[in-house]
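Data block below; observations after.
The values are calculated or read from the model by the stated rules, or taken from the named source; none is laboratory data. Just so it is clear, the structure is predicted and the values come from calculations on it, not from any experiment. Cβ sites come from the backbone with ideal geometry, for glycine too, and all protein chains shown count toward neighbours. For the accessible areas, the whole protein counts, side chains as well, though only heavy atoms, and no ligand, DNA or RNA atoms are used. Shrake-Rupley method; radii C 1.70, N 1.55, O 1.52, S 1.80 Å.
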Amino acid sequence: MAEIFRNLCEAEAGQLEILQGNIAFALGCVRAGIHAVDGYPGTPSSEVIDKGLSQVQDLIKVGWSVNEAVAAGIGHGHSIAGKDCVVTMKVPGLFQAADIVSSGALFAQTRGALVYYVATDFTPNSTQHTIDPRYFLKSCFLPIFEPRNHQELHESAEIAVEISRGFQTSVVLLVSGALCHSEGVIHLMKKQKRKAVEMPENLRSFNVLPGLARKNYDAVMANRMPALEEMVESSPLNHWKHGSGKVGVVSCGITDLYLREIESVFNIDLDVLSIGFTNPLPMKLIREFYQSINGPVFVFEEGYRFLEEAMLQAGLKVYGKDPYSKITEWSPGSIAERLECMSGGLINTQSPVRLSQVDEFNLTARQPVNRPPLICAGCPYRLFAHEVALLKKKKQLDLVFGDIGCNTLLYFMNALDTGLAMGASEAERIGYVLSQPEKIGRCISLVGDSTECHSGMDATRNAIYRKVPGVKVILDNSWTGMTGGQPSPTSPVNLAGEKMDFSLTDSLKAHGANVLEVSAYSKQDIRSALRTALSEAQKGKFTTIVVNNGVCIQKLPASKKRVFVKADECKRCNACLICPGIQLDSDGIPFVNNLCSGCGGSEPACVQSCPTNVLRVFEKSDMNRSQKPKNLTQPQNFDVPVVRSDCLPERISLAIRGVGGQGNLFLGTVLSQLVKLSGFGNTNVIKGETHGMAQMGGPVISTFACGKAYSPIPLPGTVDVLIGMERSEILRPGFLELLKPDGTLLLAATKIIPFGLSIDQYPNENQIQSLIQNLRVIEIDAQTAAFESGDTSGRSANAAMLGALSNIEPFSIFPLEHWLLALQKANPQPSVWSANYSAFMAGRALSQQFYKEEQLIN
């Protein structure tokens, strides 16, 4: 990854690439000559630093800070040093940094640029609220630019820096999470060198003393805002597409892509004004556009009704969201429905595209599996969660105040109750027990180590300062796990790889806390510490339990430890079934599956949970399957044929449903390589992905389209092939509706029973078959294909599905050599490439067999 990103930083301008939005932006920061980027991890913004800029720290000064407010302050420091700085965060992080952002907003002096990259998640997929920040930012008099596509996102750092320097203001890039995490075609922007701003030695004007604050406010009113209004009115970033003037649409941000998708599918007549800036708004231009339309004018935006309300307040009657609408993010389907409903026949109803959730798929009969996101198999939080759940079951613990992060997922294990904001759990507990002191020994607060460093330590200090007894638990896994394992002060090294000197326990003790340290993989020690601390709380003592010595499982090398039990020794009590890495076979005997991580080499949690001590630990190498792998010799070099552009279809599209951890994202990576090899990338490629909590064993969807395609979210009825990586996931509402009338469903035999769900609660086969009986369906056993190809983990099942896909129209147009080279490029590691090649060829053979049988039937 590091070498690839570095090469992109140095590549010639104009080169075509297919990149995730966050990576495109990170690349733009380097190529635009930005001096520094700081931030705090927060989905969907994390990849800018984590997967992008951290790889080239010699080209740009980059770092993770302990929280967003600190990162914003660092950004301000870079700025008054004359350097340009971008600060990354998600929307809740903006509010955490609000004091810094608002206090620094009115500085009107010449300085280096300060840009806030704020990623939205209005669904939400991995965010704790859906608050639209534009109202707050407007009150700070900050310009807001909302990129519409991947190319604009790539270039947006340069755009923002020029505005920041030119108008002496901080600038906000408000970026849709769908754009951050989808992939699209960009052409690399030109490389630039940017000189620092010469700053005076005397920086005393950068102060918020009341007299200076008043002076700054007056300057902003007199100079900045009028100049910004003039700029946005004439900005080339406003796009006016002229139609017949019958129906108008005003849009901003990613909704522009959704409109382009609708227009390309339905070929409808729309006038569209797509504005680049949502603060200040180009009201003169908007009014001019409105007056040019003879019929209805619609407004489509993400978040609340910011743009719509501004137009209504200006006396312009527009159609957007209904008052108190539940819509926070539009999709092409919902926009098309809105246009059809309010414009009276604008869209051709004879189109095969399905605008509504029609009855042909019998929606009322669908019962998709409830798949709450889960902590990873082998996670060091698991034993603690089970001990807390046991205390609650025994009525010895009433309430657990929770945090934001991986420990949030303990909610689904009945080991956590409330959740408010990062670091807020202990403050909640303090307020609760001050009102109900009799509960001091019957509740605890819970926080992660990175969140304790983020803002939780303030409340720890407050409990000591206020002398409020009770129990606070810090789950220390040494990394910021939920967002991908970024370093925090408790990590062994920082982003630059430098050894950390910070000690969490020493810091807590220095504050005056009574600290108990217990190992995350010692069930008895955790049980003892909880009972001791709760007992001490009743006596008026405040105790902080630090559950450590259990590193985030994502950051550890694979452990070979596994467990087994002899059938004649097992009591079938199922007490060991505490983790998705262990399950029952057909005889009710526990066995480890491919999710098992060996608890990072520690004593496995399931072994500690076995009351009869019959679970035995052994090395993974002793448990290889009995099947002999097919010794296929994979090709190393390919003669790659050229695909004539006139042979390519106008558009191809795909949607994949599965479970987090199955490798959906890998399929998209291979397809991106495939279309680049075939020349399709010269038109357009768009790929959408689910990120965040859902990746932790929850339901995920990925989409892929190229050619005449624009949106990462497809319109119903426009997808050529649907892939069901897990059998029951096709029951999710809206999925089967995506398929074209002549499309194909490629369905795996794989069944993943959610942890804690019994097999009889899983959808029965009759229910699934009743939904797909009128569709063209190819069913293959991808897991078996992977196993028989020598992959004992079954992880190459996604490659088997790709092999099957390679025979299905319109994807069958791509030569086999293109598929194999794309597969190799996606992961060239020899052992992985070998397994993927064998599984791909096995899947391809299975779909070929299907077509042979189909021809015999016909």
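Among the residues making up region 464-485, those that are over 15 Å from the mean Cα position of the chain (by Cα) and β-branched (Val, Ile, Thr) are Ile464, Val468, Val471, Val473, Ile474.
Got a number for residues in region 519-541 being under 22 Å from Arg429 (Cα atoms) and not in a helix (DSSP H, G or I)?
Going residue by residue through region 519-541, those that are under 22 Å from Arg429 (Cα atoms) are 526-541.
Now restrict to residues that are not in a helix (DSSP H, G or I): 539-541.
The number of residues fulfilling the criteria is 3.
Do we find a residue being in contact with a Gly (Cβ under 8 Å, 6 or more places away or on another chain), of a type in the set (S, T, N, Q) and outside any helix (DSSP H, G or I) anywhere in region 307-330? So far as region 307-330 goes, yes, one or more of its residues are in contact with a Gly (Cβ under 8 Å, 6 or more places away or on another chain), of a type in the set (S, T, N, Q) and outside any helix (DSSP H, G or I). Within region 405-422, is there a residue that is over 19 Å from Gly756 (Cα atoms), acidic (Asp, Glu) and surrounded by fewer than 21 Cβ atoms within 10 Å (Cβ to Cβ)? For region 405-422, residues over 19 Å from Gly756 (Cα atoms), acidic (Asp, Glu) and surrounded by fewer than 21 Cβ atoms within 10 Å (Cβ to Cβ): absent. Taking the criterion of being buried (at least 23 other Cβ atoms within 10 Å of the Cβ) and either acidic (Asp, Glu) or more than 21 Å from Lys439 (Cβ to Cβ) (or both), the only residue of region 389-403 that qualifies is Asp403. Within region 719-743, residues that are free of Cβ contacts under 8 Å to residues at least 60 places away in the same chain sit with their Cβ atoms under 6 Å from residues that are acidic (Asp, Glu) and open to solvent by 10 Å² or more (accessible area, probe 1.4 Å), at 6+ positions apart or across chains, in these pairs: Gly743/Asp720. The criterion of at least 2 residues that are open to solvent by less than 10 Å² (accessible area, probe 1.4 Å) and in contact with a Cys (Cβ under 9 Å, 6 or more places away or on another chain) is met by the following helices (runs of 4 or more DSSP H) wholly inside region 11-102: 21-31, 68-80.
Working only within region 485-533, note down all residues that are open to solvent by 30 Å² or more (accessible area, probe 1.4 Å) and hydroxyl-bearing (Ser, Thr, Tyr). Ser503, Ser519, Ser528, Thr532 - these are the residues of region 485-533 that are open to solvent by 30 Å² or more (accessible area, probe 1.4 Å) and hydroxyl-bearing (Ser, Thr, Tyr). From the list Thr490, Thr483, Thr544, the one residue that fits, being assigned to a strand (DSSP E or B) and touching a residue at least 40 places away in the same chain (Cβ under 8 Å), is Thr544.
Can you tell me which residues in region 86-107 are of a type in the set (Phe, Trp, Tyr) and without any contact (Cβ under 8 Å) to a residue 60 or more places away in the chain? Before you say what the answer is, go through the steps one by one.
In the first step, residues of region 86-107 are kept if they are of a type in the set (Phe, Trp, Tyr); the result is 95, 107.
Residue satisfying the conditions is Phe95 alone.
Under the condition of being touching a His at 6+ places or on another chain (Cβ under 8 Å), without any contact (Cβ under 8 Å) to a residue 60 or more places away in the chain and open to solvent by 10 Å² or more (accessible area, probe 1.4 Å), the residues counted in region 225-271 number 0.
Taking the conditions exactly as written (under 30 Å from Lys751 (Cα atoms), of a type outside the set (A, V, I, L, M) and either open to solvent by 10 Å² or more (accessible area, probe 1.4 Å) or modelled with pLDDT of 95 or more (or both)), does His386 satisfy them or not?
Values: under 30 Å from Lys751 (Cα atoms): yes; of a type outside the set (A, V, I, L, M): yes; either open to solvent by 10 Å² or more (accessible area, probe 1.4 Å) or modelled with pLDDT of 95 or more (or both): yes.
Spelling it out, His386 is indeed under 30 Å from Lys751 (Cα atoms), of a type outside the set (A, V, I, L, M) and either open to solvent by 10 Å² or more (accessible area, probe 1.4 Å) or modelled with pLDDT of 95 or more (or both).
Which members of region 558-602 meet the condition of being among the charged types (D, E, K, R) and either in a strand (DSSP E or B) or surrounded by 15 or more Cβ atoms within 10 Å (Cβ to Cβ) (or both)? Of everything in region 558-602, those that are among the charged types (D, E, K, R) and either in a strand (DSSP E or B) or surrounded by 15 or more Cβ atoms within 10 Å (Cβ to Cβ) (or both) turn out to be Lys561, Arg562.
Scanning region 190-224 for residues that are assigned to a helix (DSSP H, G or I) and open to solvent by 60 Å² or more (accessible area, probe 1.4 Å) yields Pro210, Arg214, Lys215, Tyr217, Asp218, Met221, Ala222, Asn223. Considering region 714-815, the qualifying helices (runs of 4 or more DSSP H), each wholly inside and each with 3 or more residues that are open to solvent by 10 Å² or more (accessible area, probe 1.4 Å), run over 765-772, 782-788. Within region 697-713, if we keep just the residues that are part of a loop (DSSP other than H, G, I, E, B) and small (Gly, Ala, Ser), the residue that is nearest to Cys376 (Cα to Cα) turns out to be Gly697. Could you identify the single residue in Ala529, Ala510 that is closer than 29 Å to Pro580 by Cβ and over 34 Å from the mean Cα position of the chain (by Cα)? Matching residue, one of Ala529, Ala510: Ala529. Scanning region 459-477 for residues that are in contact with a His (Cβ under 7 Å, 6 or more places away or on another chain) and among the aliphatic types (A, V, I, L, M) returns a single hit, Ile464. Scanning region 603-623 for residues that are surrounded by 12 or more Cβ atoms within 10 Å (Cβ to Cβ), touching a residue at least 60 places away in the same chain (Cβ under 8 Å) and of a type in the set (Ser, Thr, Tyr) yields a single hit, Ser609. Pairs are defined by a Cβ separation below 6 Å, a sequence spacing of at least 6 or placement on different chains, a first member in region 156-181 that is farther than 21 Å from Asp50 by Cβ, and a second member that is among the charged types (D, E, K, R) and not in a helix (DSSP H, G or I); the pairs so defined are Val161/Asp84. Just wondering, is there one or more residues in region 523-544 that are farther than 18 Å from Glu438 by Cα, at pLDDT below 95 and not basic (Lys, Arg)? Yes: region 523-544 contains one or more residues that are farther than 18 Å from Glu438 by Cα, at pLDDT below 95 and not basic (Lys, Arg). Exactly one residue out of Ser164, Ser156, Ser170 is open to solvent by less than 50 Å² (accessible area, probe 1.4 Å), within 24 Å of the chain's Cα centre (by Cα), on the phi < 0 side of the Ramachandran plot and modelled with pLDDT of 95 or more: that is Ser156.
Taking the criterion of being outside any helix (DSSP H, G or I), open to solvent by 10 Å² or more (accessible area, probe 1.4 Å) and either at pLDDT 95 or above or small (Gly, Ala, Ser) (or both), would at least one residue in region 446-463 satisfy it?
Within region 446-463, the subset outside any helix (DSSP H, G or I) is 446-448.
The next check asks that each one be open to solvent by 10 Å² or more (accessible area, probe 1.4 Å); those that pass are none.
No, there is no match, as no residue in region 446-463 is outside any helix (DSSP H, G or I), open to solvent by 10 Å² or more (accessible area, probe 1.4 Å) and either at pLDDT 95 or above or small (Gly, Ala, Ser) (or both).
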